[in-house]
1. Within the stretch 55-106, restricting attention to residues that are free of Cβ contacts under 8 Å to residues at least 60 places away in the same chain, of a type in the set (A, V, I, L, M, F, W, C) and buried (at least 17 other Cβ atoms within 10 Å of the Cβ), which residue is farthest from residue 130 (Cα to Cα)?
2. Inside the stretch 81-96, can you point out the residues that are over 17 Å from residue 115 (Cα atoms) and at pLDDT 95 or above?
3. Does the stretch 87-109 contain any residue that is charged (D, E, K, R) and more than 20 Å from residue 18 (Cα to Cα)?
4. Of everything in the stretch 114-128, what is assigned to a loop (DSSP other than H, G, I, E, B), more than 14 Å from residue 20 (Cβ to Cβ) and not basic (Lys, Arg)? Give them in sequence order.
5. For the stretch 107-121, give me each residue that is crowded, with 16+ Cβ neighbours inside 10 Å and either over 19 Å from residue 62 (Cα atoms) or among the hydrophobic types (A, V, I, L, M, F, W, C) (or both).
6. Would it be correct to say that residue 50 is modelled with pLDDT under 95, in a strand (DSSP E or B) and either surrounded by fewer than 19 Cβ atoms within 10 Å (Cβ to Cβ) or touching a Lys or Arg at 6+ places or on another chain (Cβ under 9 Å) (or both)?
Amino acid sequence: MAGHFILAARRYDTVRDIVDTAYVTLDENTLVAEGAKALYAQERCTIVVTHLLDAGTGQRAPVGIITERDIIFRVVAQNRGPFKTTLKDIMSAPIITIDADKSIEEALAILNKYKINRLPVVHDNSIIGIVTTGMVLRNVSIEKHADTEF
């Protein structure tokens with residue numbers, strides 16, 4: 001008798017229920033050194049990189065994402081100066097997001113499909129926070145079910 005596994009939400013149903021709303025957002029032209037300082041000051045690991053759409057209204061659009069690992073691998077390890085390299089030079093783009101009302105299981109599927117660990121959450125076309133692989137895994141259970149043959 002073969003078995004299969006099913007992912008099932010434990011405590012929460014949607015990404016909105018587990019999203020971390022504290023995150024760093026900076027302009028794409030910000031120097032990596034300033035980005036690193038912002039991560040340190042706010043005790044965060046992720047920067048959502050934005051582009052100014054309208055100077056009059058200040059409207060911004062997310063265009064990429066950077067993690068502390070990106071700063072180490074794409075700047076420090078390659079001897080690129082953090083005081084001359086901008087966030088747009090090292091960001092991962094395009095940014096991959098999930099709607100706040102999607103299920104936790106859908107978030108896990110996206111994280112797995114794109115082999116990423118951080119997923120910005122959007123509501124009404126604005127980022128409201130970030131979910132991580134760890135956050136998602138803490139909120140799903142994996143249940144083994146036996147296959148029934150008819």
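The values are calculated or read from the model by the stated rules, or taken from the named source; none is laboratory data. What you see is a predicted model; the values in this text were computed from it and never measured. Here the Cβ positions follow ideal geometry from the backbone for every residue, glycine too, while neighbour counts run over all protein chains shown.
1. Looking at residues that are free of Cβ contacts under 8 Å to residues at least 60 places away in the same chain, of a type in the set (A, V, I, L, M, F, W, C) and buried (at least 17 other Cβ atoms within 10 Å of the Cβ), I get 75.
2. The answer is 82, 83, 84, 85, 86, 87, 88, 89, 90.
3. Yes.
4. 116, 124, 125
5. 107, 108, 110, 111, 119, 121
6. yes
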